[in-house]
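Encoded as structure tokens, here's the structure I'll be asking about.
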Amino acid sequence: MMRKQFAAANWKMNLTYQQAAELLKAVISADLELNENRVVLFAVPFPYLELANGSVLQKKYYFTAAQNCSNKKSGAFTGEVSAEMLKSLNVSYCLVGHSERREHFGETNEMLSEKVMICLTYGMTPVFCCGEPLQIREQNTQNDFVKKQLNDSLFPLSAQQLLKVVIAYEPVWAIGTGKTATNEQAQEMHSYIRSVLEEHFGREVSQKISILYGGSVKANNAKELFACGDVDGGLVGGASLNASDFIEIVRALK
Ligand code: 13P
């Protein structure tokens, strides 16, 4: 069984509109061998979603993603963006629970469970981010830490709902540090995550869930990371801001 492989660009809070347009154009005009199971996502800032849609909606296998959405349906929440709004713009994916959101904006596992649910309600695929900070890795308790993130935010779902979720494992100590997890560390955690899903949702379901790796994925390490059996592509920050680096990373997909 071939799981869907993703090269996902997370631009975070970077680029002007003009730079964004140029980067999209460069990536989209590259000759990439994509198909149903080998796709590219652009997680762009909200004001650029329509711009990105303009480039990707006419192409197959490229999709836009939001970097966040509200856990509330609608109403008096100034500055927030709802899942329903995103869906009405034809945005098909949404990052949920990126470690920067957890750290700087106080997102809790419980809020993230609501965000996952609200994305699914509006037919968007949540890309649920999990991963441990450095001190947890140093205590070697990363498995329990990640298990709790999955337990609190994803276990409330039915198996049918989980099948519509993508997971991204991003060890916090590897994000933006240039200190990538080794292939062994990535494979070990990804296979652990899959075993946790298997325990709760069954083997068949767990085998179908794409688990992306994020944290200093670069053009020169993507191939070996993506070659790991349980790594189904990557969520890429810094290197996704450079067209030729990101193109190389897309080419490294299984
Ligand atoms: P870097 O690739 O810059 O380490 O960022 C990873 C990340 O947070 C992607 O969501």
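The values are calculated or read from the model by the stated rules, or taken from the named source; none is laboratory data. The shown structure was predicted, so the numbers you read here are calculated from the model rather than taken from an experiment. Here the Cβ positions follow ideal geometry from the backbone for every residue, glycine too, while neighbour counts run over all protein chains shown. Accessible surface is based on the protein model in full, side chains and every heavy atom, while ligands, DNA and RNA are left aside. Shrake-Rupley method; radii C 1.70, N 1.55, O 1.52, S 1.80 Å.
Residue by residue, here is whether (1) open to solvent by 20 Å² or more (accessible area, probe 1.4 Å); (2) at pLDDT below 95; (3) of a type in the set (A, V, I, L, M) holds:
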position: Gln67; (1), (2), (3): yes, no, no
position: Ser70; (1), (2), (3): no, no, no
position: Phe77; (1), (2), (3): yes, no, no
position: Leu86; (1), (2), (3): no, no, yes
position: Glu100; (1), (2), (3): yes, no, no
position: Asn109; (1), (2), (3): yes, no, no
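When you look at Leu41, is it within 16 Å of the ligand (Cβ to nearest atom) and over 30 Å from Arg203 (Cα atoms), yes or no? Can you show your working first?
Numbers: within 16 Å of the ligand (Cβ to nearest atom): yes; over 30 Å from Arg203 (Cα atoms): no.
No.
Counting only residues that are assigned to a helix (DSSP H, G or I), open to solvent by 40 Å² or more (accessible area, probe 1.4 Å), more than 11 Å from the ligand (Cβ to nearest atom) and touching a Leu at 6+ places or on another chain (Cβ under 9 Å), how many does segment 154-182 have? Give the steps one after another, and end with the answer.
Start the filter on segment 154-182 by keeping residues that are assigned to a helix (DSSP H, G or I), which leaves 159-162, 172-174.
Then keep just the ones that are open to solvent by 40 Å² or more (accessible area, probe 1.4 Å); that gives 160-161, 172.
Imposing the further condition that a residue be more than 11 Å from the ligand (Cβ to nearest atom) reduces the set to 160-161.
When the remaining residues are screened for being touching a Leu at 6+ places or on another chain (Cβ under 9 Å), the result is 161.
So the count comes out to 1.
For segment 132-153, enumerate the residues that are open to solvent by less than 10 Å² (accessible area, probe 1.4 Å) and part of a loop (DSSP other than H, G, I, E, B).
Of everything in segment 132-153, just one residue is open to solvent by less than 10 Å² (accessible area, probe 1.4 Å) and part of a loop (DSSP other than H, G, I, E, B), namely Glu132.
Within segment 111-125, take every residue that is closer than 19 Å to Ala168 by Cα and open to solvent by 50 Å² or more (accessible area, probe 1.4 Å) and give me the one that is nearest to the ligand (Cβ to nearest atom).
By that ranking, first place goes to Met111.
Just a yes or no: is a residue in segment 57-78 more than 16 Å from the ligand (Cβ to nearest atom), free of Cβ contacts under 8 Å to residues at least 40 places away in the same chain, among the aromatic types (Phe, Trp, Tyr) and assigned to a loop (DSSP other than H, G, I, E, B)?
Within segment 57-78, one or more residues are more than 16 Å from the ligand (Cβ to nearest atom), free of Cβ contacts under 8 Å to residues at least 40 places away in the same chain, among the aromatic types (Phe, Trp, Tyr) and assigned to a loop (DSSP other than H, G, I, E, B).
Search segment 30-65 for residues being of a type in the set (Phe, Trp, Tyr) and open to solvent by 50 Å² or more (accessible area, probe 1.4 Å), and hand back the single one that is farthest from Asp245 (Cα to Cα). Steps first, answer last, please.
Within segment 30-65, the first condition is being of a type in the set (Phe, Trp, Tyr), and the residues that meet it are 42, 46, 48, 61-63.
Remaining after also requiring open to solvent by 50 Å² or more (accessible area, probe 1.4 Å): 46, 61, 63.
Details: Phe46: 23, Tyr61: 19, Phe63: 19 Å.
Among those that are of a type in the set (Phe, Trp, Tyr) and open to solvent by 50 Å² or more (accessible area, probe 1.4 Å), it is Phe46.
Name the pairs: first residue in segment 8-26 and open to solvent by 60 Å² or more (accessible area, probe 1.4 Å), second residue part of a loop (DSSP other than H, G, I, E, B), Cβ to Cβ under 7 Å, at least 6 apart or on different chains?
Qualifying pairs under 7 Å: Met13/Pro45.
Residues that are open to solvent by 40 Å² or more (accessible area, probe 1.4 Å), within 14 Å of the chain's Cα centre (by Cα) and touching a residue at least 40 places away in the same chain (Cβ under 8 Å): does segment 220-228 have at least one? Spell out how you get there, then give the answer.
Within segment 220-228, the first condition is being open to solvent by 40 Å² or more (accessible area, probe 1.4 Å), and the residues that meet it are 220, 223-224, 227.
Narrowing the set further to residues that are within 14 Å of the chain's Cα centre (by Cα) leaves none.
No, every residue in segment 220-228 fails to be open to solvent by 40 Å² or more (accessible area, probe 1.4 Å), within 14 Å of the chain's Cα centre (by Cα) and touching a residue at least 40 places away in the same chain (Cβ under 8 Å).
A further question on this structure: Please find, within segment 216-229, the residue that is farthest from the ligand (Cβ to nearest atom) out of those that are part of a loop (DSSP other than H, G, I, E, B) and out of contact with any strand residue (DSSP E or B) (no Cβ under 6 Å at 6 or more places or on another chain).
Taking segment 216-229 and keeping what is part of a loop (DSSP other than H, G, I, E, B), we get 216-221, 228-229.
Subset that is out of contact with any strand residue (DSSP E or B) (no Cβ under 6 Å at 6 or more places or on another chain): 216, 218-221, 228-229.
Working: Ser216: 4, Lys218: 8, Ala219: 11, Asn220: 13, Asn221: 11, Cys228: 17, Gly229: 22 Å.
Per the stated criteria, the residue is Gly229.
For segment 232-249, which positions are away from the ligand (no atom under 14 Å from the Cβ) and within 16 Å of the chain's Cα centre (by Cα)?
Asp232
Quick check on this structure: which one of Leu212, Leu197 is within 16 Å of the ligand (Cβ to nearest atom) and under 22 Å from Leu120 (Cα atoms)?
Of Leu212, Leu197, the one residue that is within 16 Å of the ligand (Cβ to nearest atom) and under 22 Å from Leu120 (Cα atoms) is Leu212.
Check Asn90, Asn53 and return the single one that is in contact with a strand residue (DSSP E or B) (Cβ under 7 Å, 6 or more places away or on another chain) and free of Cβ contacts under 8 Å to residues at least 40 places away in the same chain.
Values: Asn90 fails: in contact with a strand residue (DSSP E or B) (Cβ under 7 Å, 6 or more places away or on another chain).
Matching residue, one of Asn90, Asn53: Asn53.
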